[in-house]
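The structure appears below as structure tokens.
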Amino acid sequence: MNSQIQLINVSQQFSDQGATVHLFSNLNLVIQQGRSYAITGPSGSGKSSLLMIMAGLEQPHAGRLSYFTSNTIAPLDSLRRSTGFVFQQFHLLPELSALHNVALPLKLRGDKYAEEKAEVWLAKVGLANRMNHKPTTLSGGEQQRVALARALVFEPKYIFADEPTGNLDANSAHDVADLLFSCCEEQNAALVVVTHCQKLARRAQRVFNLEFGHCGVQRDDARRGALC
Amino acid sequence: MLGPSIKLAWQLFHQEKYANHQVLLRWTQGVLLVFMVTLSLTSSNIQYFLERNLQSLLGADVVVSHSQKLTLNQIKELNSWAKKIVWTRQLKAMITRDEQWQQISLKAVGNDYPLQGELRYSQQLDVEGEARTVSFPNGIPRLGEIWLEPRLMKALNVHVGEDIELGERAFKVSSILLHEPDRLLEAHNVDMRAMINAEDLSSLQFPDEVIQHRYLIAANNSNIQNILDWQAVNLPAARIHHKGSGHPLALFWKRVENFVGLTSIILFFMAAIGIQQLSHVHVRKDQLFTALCMSMTASKLPGAVISWFKWFFGFAWSLPGVLLFSTALHWLIVKWLRDTFTDIEWFWDVTQLYTPIAILAVVFMLFYSRVWLSFINCSAAQLLREAPLKSQQWISQLMILVGLTMVAFFYSDNHTLTFMVVIALAFCVVTMIVVSWGSLYVLERITRRMSGLIPFSLYMMRQRIVSKSTQMLGVGLSCFLLLFTLMLLKDFGASMSHYTRQHDGNVLVTQATPAQMDAIQQWAGQKDISLRQHKPYVYAQLLEVNSIALAKFISNPSESAATLSRPIRLHWSDTIPGNNRVVTGQWWQPDTRHWQQISVEQEVMTDLKLHLGDTLYFQIGPDRAAFRIVASHEYQAGNGSITFWMQVPPAALAHLNAARYSMASMELAEPHWAELSQLWRQHPSLRMVTLKDLMRRYDNVLGMVTTVVSGFSLIISLLAAIVIVATVKSCEARDRSRNSVILSFGLSRLTCFRLTIIEWFFTATIAACGAISGTYLAGMLIYHSQFSLAYSPDFLWLAATLCIVLLLVTALGLMASKQSLNNSIRQLMAEN
């Protein structure tokens, strides 16, 4: 049974030098496991804040976040354990080889077959021959593929990607995007991508545009009609 | 060109001055600056005091002290240069009153005393037992009278007008002795003083050999030199003091200063580690700035200049605080030192600040050089990649070594101690490197196929082995120092109580003539008291080494050198004494006829840089005698505590025409104490020290050591905390990133917290291993030779201290890591 995340009347704001800055208000969104989403919008519109709220890492100023699994509300802690992240800057640990970077989340969870599983994932992202290389000896595209394998290796239900191709050239960006979408689909994981790149956003099944504190649905492959 | 760079550096410094890495750098430098500036100010204060003291308390232009009375010819020769000569005699004696007794330093003076200055005395004590300020200048005790100093009056509970006994003769206490103008020559002698008329001395019939003859001479400057030259040729065994020479306490203080300075090398080592760790952050920031400058077509030079000025402004910024704090400390120390240096006045000498500040500025620059070296030979691209060249890292390590050598060079005068400190330090460092690298390698190999937090921590630590082992070194050295100072403090205290349990007896006879020794044996036999040890000796004054005068031969002040400037006890023995062992060379065969052989204590050999085969020339009684060093020996515990620095074959006695004395020890039961006065009535010059007196002296020493060690421990603790925080800060960026990445795997903050605990616990354990082994070795090397303590480590105590250290280090590490634990995934996004 697929799970889902619901944002109900969610608003977010922060204070800056005494002034209150409203990012967005009364957002209602549903993120379903197995589907892909893109969030676009200008810088400072609150895309990253929305991502953090969706992942249960930040509390909204108003509204509620609910996590449903098997049609029942589950604690947010269980959502935390089911999420993985991909960053624009990759954030691989420089001391570890590609293999150990990918095996890291499994090792921390006490998985005895961490390295074997990591090898499988590295092969899946096309880096079977670069397993023992340190991040500094890999290209940007290769590093992002390692980061992708690392985010998926522990089989999370949700992947949150923040500008995953923002640091890559066109060819690498294309390859990484292919992998990101296909792997999430294969793993039946929801993918939420924050991006400025319309080309990348268009690959998602659903695209939200966050602007002036409001969220509009630009595209919905599954059904018409806005939920926010 | 320079102007804009300085302005920019000033601006950048102000922007960064409250950033953690800058604050920590200033604290590290500041703590050491406070330490060294305070030491320098205090030292200058004391040297000035001693100089002034020398001028006002010598009581003459030249003073010649000798164990023998000068002949008429010698006096005649002296008179040809002197305006006036005053002869006084000194000896250690025991005075008694009923069943009370007290060892005193007795001075016999004639009507011509004093030569210069005022002899002050009073006739009343006030209600608190202090002498009334009303005093009478000059005059001397009349026949049959004795003057006692106030402490002595109190100790014997005697009043003016009452009688005391010196030998079997009664003396009337007629005045309270307040001030002798030639008091300086007593140096830091704490014996209680008394004065009698010179004519009374002959009636007391003290043996000649226990009397020290002192000639106070008035002479002008050119004649002072003539007297010095004459003394060097005709009276080499005599001691001479004049207004142009050093204060007797000057060397003592110089040694204290050098000892503190030398031990501070460890503080410098810790500071070097702290600065090295902090430089990681500084390198990143300065590299980025320089790369940006270069990307805007500037050359590398402005980057280097700005970086240097930023450091300089930071250094200068901390100076006002340093000066304020060190001045306050200086004032407190001088106040505290009044017990040792009576009448010392606090004053602030600005010229004393230049040298320590200049030396420390150079040393800190050497420690910090890694920052400047890291970008000076790099291209903009290399700078942006943050990849300093390996050779530059080596150069920066070399710079640290140069800095530390500079500190050792400026402050070391005791080569044995320097060597021991460096060996213990090196052993501690090597142990920690070996244990950290070895254990991480082995443990990581073993747990490689395992999962979980501990294998992961081990793996991460092994990957960061260089930065981790530096962190361990910093923490380990801090623990080593703390552990050692605490252990020393504890063992000093324990040694005090140990004295009461020793089977060497509770009375030590330090000087007894054969007649006195016979009397002691007889007295002891009557009272059924057994003599524990009995060792004979003669007094010998070392004059030359390999035909070089001792003063010229000794290049550095040391405890050994100071002691050898006075006559020392020369013991004879056919076989190696039970409480000695031969270190180098060979002890002579029993009944040897080759009498000109000598064995010298090992530390004296090292301090004076003596070698086997060297020839020592002594003045022994009226004769000169030469001995060739054939062996060196050292003390070993057990078989009594009486040991001698110099020992010769018994065959030498036939060639030495000197008075013989004995040292002995005995255990007195409670009723015997009162009966000791019988012995002293018969033999007032018999020298004995009771355990009580010894304890009192040790208590004073212990009090002083406790204060110094506590202050030192405080500085070490402060530096240790800074080093720990600095090592955390150096890895903070990476730790923050690692923790955020772990959070991005859906794991909780608790996981990051546990990882940090494991890492710190492991770091603390390895640091503790190094610290314990370093402490053990330092104890073995330093305890006996420097503090005359037998080293018997209490492992339970060490283990308990270790546990406390482990907990404290882990807690401090966790507190310092709070910043990196508070990170969130949002910050990883923010770095995009």
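The values are calculated or read from the model by the stated rules, or taken from the named source; none is laboratory data. Just so it is clear, the model here is predicted, and its values are computed rather than measured. All Cβ positions, glycine included, derive from the backbone under ideal geometry; neighbour counts span all protein chains shown. The accessibility values were calculated without ligands, DNA or RNA, using every heavy atom of the protein model including side chains. Shrake-Rupley method; radii C 1.70, N 1.55, O 1.52, S 1.80 Å.
In this structure, B:LEU2 and B:VAL402 have a Cβ-Cβ separation that, at R0 = 30 Å, corresponds to a calculated FRET efficiency of about 0.65. Rounded to the nearest 0.05, what FRET efficiency do B:VAL689 and B:ALA316 have when you use their Cβ-Cβ distance and R0 = 41 Å? According to the calculation, E is roughly 0.15. Shown are B:LYS154, B:LYS92, whose ranking by accessible area with a 1.4 Å probe and every protein chain present, most to least, is B:LYS154, B:LYS92. Modelled spin labels at B:THR563 and B:GLN123, positioned 7 Å past Cα toward Cβ, are 4.7 nm from each other.
In a fully extended conformation the segment linking B:ALA328 and B:TYR354 would gain 7.5 nm over its present Cα-Cα distance, using 0.36 nm per residue.
Charges only on Cβ, +1 for Lys and Arg, -1 for Asp and Glu: so what's the dipole of the protein assembly as shown about the Cα centre, in debye to the nearest 20?
In debye, rounded to 20, the protein assembly as shown gives about 3620.
Using C-alpha pairs below 8 Å separated by at least 6 residues, the relative contact order for region A:84-184 is 40 percent.
With a cut-off of 19 Å on the backbone N, the residues of region B:515-542 near the modelled label site 7 Å out from B:GLU675 along Cα-Cβ are B:516-533.
For region A:104-228, a simple Cβ point-charge model (Lys and Arg +1, Asp and Glu -1, everything else neutral) yields a dipole of about 180 debye relative to the Cα centre.
Taken along the Cα-to-beta-carbon direction at a fixed 7 Å, the label points for B:ALA361 and B:ALA626 span 5.4 nm. Summing Cβ point charges (Lys, Arg +1; Asp, Glu -1) relative to the Cα centre of region B:549-668 gives a dipole of roughly 340 debye. Think of the protein assembly as shown as a dipole: +1 on every Lys or Arg Cβ, -1 on every Asp or Glu Cβ, centred on the Cα centre; then among B:SER717, B:ALA674, A:LEU148, A:LEU148 lies furthest on the positive end. List residues of region A:193-207, by number, whose backbone nitrogen lies under 18 Å from a label position 7 Å along Cα→C-beta of A:VAL30. Backbone N within reach: A:205-207.
Length gained on full extension, B:ALA659 to B:ASN546: 38.1 nm, using 0.36 nm per residue less the C-alpha separation. A 26 angstrom limit on the alpha carbon distance is what I want to check against. Which of A:LYS124/A:LYS157; A:LYS117/A:LYS157; B:LYS335/B:LYS692 exceed it? From A:LYS124/A:LYS157; A:LYS117/A:LYS157; B:LYS335/B:LYS692, over 26 Å: B:LYS335/B:LYS692. Phi angles across region A:107-119 convert, under the Karplus curve 6.51 cos²θ - 1.76 cosθ + 1.60 with θ = phi - 60°, into 3J(HN,Hα) values of 4, 5, 8, x, 6, 6, 9, 3, 5, 4, 5, 5, 4 Hz, Gly and Pro given as x.
Over all residues in B:446-459, what is the mean tally of Cβ atoms on other chains that come within 10 Å of each residue's Cβ?
Working: counts 0, 0, 1, 4, 4, 11, 6, 3, 0, 4, 7, 0, 0, 6.
Mean number of neighbouring Cβ atoms from other chains: 3.
Taking θ as phi - 60° and the Karplus parameters 6.51, -1.76 and 1.60, the scalar couplings of region B:394-409 work out to 4, 4, 5, 5, 4, 4, 4, 4, 4, x, 5, 4, 4, 4, 4, 5 Hz in sequence order, x denoting glycine and proline. When B:ARG754, B:ARG593 are compared by accessible area of protein heavy atoms, the largest-first order is B:ARG593, B:ARG754, using a 1.4 Å probe.
Here the 3J(HN,Hα) profile of region B:452-466, calculated from phi with Karplus coefficients 6.51, -1.76 and 1.60 at θ = phi - 60°, is x, 5, 5, x, 5, 4, 4, 4, 5, 5, 5, 5, 9, 4, 5 Hz, Gly and Pro shown as x.
With R₀ set to 22 Å, the beta-carbon distance separating B:ASP112 from B:ASP191 gives a calculated FRET efficiency near 0.35.
Summarising the amide proton neighbourhood of B:MET192: residues at separation of 5 or more, or on other chains, whose placed amide H is nearer than 5 Å comprise B:SER105. Note on A:SER43 and B:GLN205: their simple-model spin labels are 10.9 nm apart, each label 7 Å out from Cα toward Cβ.
Bridging of B:LYS818 to lysines at a Cα separation below 23 Å is possible for B:LYS17, B:LYS285, B:LYS468, B:LYS729, once same-chain residues fewer than 8 apart are set aside.
The slack between B:LYS154 and B:ASP574, meaning 0.36 nm per residue of separation minus the straight C-alpha distance, is 146.5 nm. The alpha-carbon of B:LYS83 sits under 21 angstrom from the alpha-carbons of these lysines, leaving out residues fewer than 8 places away in its chain: B:LYS69, B:LYS243. Protein-only accessible surface at a 1.4 angstrom probe places the residues A:TYR158, B:TYR354, B:TYR776 in the order B:TYR354, B:TYR776, A:TYR158, largest first.
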